[in-house]
Amino acid sequence: MSWRPRLREDVDYSGLSLDTWQSFLLSRLDGQLGFEDLGLLTGLGPEALQAMLQDMVAKGVVLPEAEAPPAASLSHRALFEQRLRAQSEDERAALARKAAEPDLSAYCLDPMPQVIQGVFENPRAGLAHARLVAAHHRTAAGLEQVAANAAFAGDAGVRRALLQNPLLPASLFRRLWGGRRLHELFLVAESREAPEQTRSMAKEALRGGFNQRAADEKAELILRTEGRCLLLLAGLTVDGHTTQLLCRHNYTSTLLIQNLARWSAAPPPLLAHLLRQESVRRNVQLRLLLERHPNAKVPG
């Protein structure tokens, strides 16, 4: 998408009613950043970003694509391929350390980790450059350069771009996501935007860390995912405290009850609690599903 959104100059933005995301996006619309760059900078997905921009166009805040002025320079990729790639690797690394825009952003697309190191040694390098490298670079050494900066590693846009990068190394994934909450790992494991390799790493981290986490976090995972996480946790069990927390919950979701009823490790107290729920009493199929569970103690 070649559109580079630009703000209208005749609008009083102070009087607009904008939410946090819209205000953040508004502050980034300088007419120089394209759609892809804005996605990396904000961390918004393509559909969400497109919808937000169209809403701003409808409000008269942003110039529509047809009225936007043409791009003043070549795209970062075209600039790199047509002018910068011809330089030697050592030359590119040296020039990246002192480059200004648009060359600095173009060097972010260099395939060599030495050049990426040069980019991050440049005092002009910031989050926008970290997001470009995270999205487009394809070596472990280069991606490690992104995560070496704590501010970059903690940025939502950088993390999202790394998750979508098919060459994200397992060591870097474990370092950045190994300590995240179980629910976040589940979302990565189920993400349609993440490559299969990354989803597999998330599933491994989820299973490996499940029994090490606090009871409230395990209960939160099961409840927030409506039990969908249990397919990824086959063969694992929960402790007594987690069971107690699950038994304090009032169950109305049919999907959650079905998933718990199909969970081979469902503890007897939880099954008994589910059988007492009004939603189960009124649903014959749910009740039969629970009663047939090997761990169920059917109340007399």
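The values are calculated or read from the model by the stated rules, or taken from the named source; none is laboratory data. Owing to the predicted nature of the structure, the values given are computational and were not obtained by experimental measurement. Heads up, the Cβs are rebuilt from the backbone with ideal geometry, glycines too, and the neighbour counts pull from every protein chain shown.
Points worth noting:
- Contact map, the range 236-247: first residue polar (S, T, N, Q), second residue buried (at least 18 other Cβ atoms within 10 Å of the Cβ), Cβ cut-off under 6 Å, separation 6 or more or different chains; pairs are THR242/LYS218; THR242/ALA219; THR243/PRO267; THR243/LEU270.
- So LEU182, is it crowded, with 21+ Cβ neighbours inside 10 Å, touching a residue at least 24 places away in the same chain (Cβ under 8 Å) and within 26 Å of ARG77 (Cα to Cα): no
- Per-region count, the range 271-295, residues farther than 17 Å from ALA234 by Cβ and crowded, with 18+ Cβ neighbours inside 10 Å: 10
- Filtered residues of the range 238-267 (kept if farther than 19 Å from SER279 by Cβ and loosely packed, with under 14 Cβ neighbours inside 10 Å): ASP239, GLY240, HIS241, SER264, ALA265
- Meeting the requirement of 2 or more residues that are at pLDDT below 75, the helices (runs of 4 or more DSSP H) wholly within the range 20-77 are 35-42.
- Those helices (runs of 4 or more DSSP H) of the range 219-300 in which at least 3 residues are at pLDDT 95 or above, closer than 20 Å to LEU182 by Cα and of a type outside the set (A, V, I, L, M, F, W, C), considering only elements entirely within it, cover 240-247.
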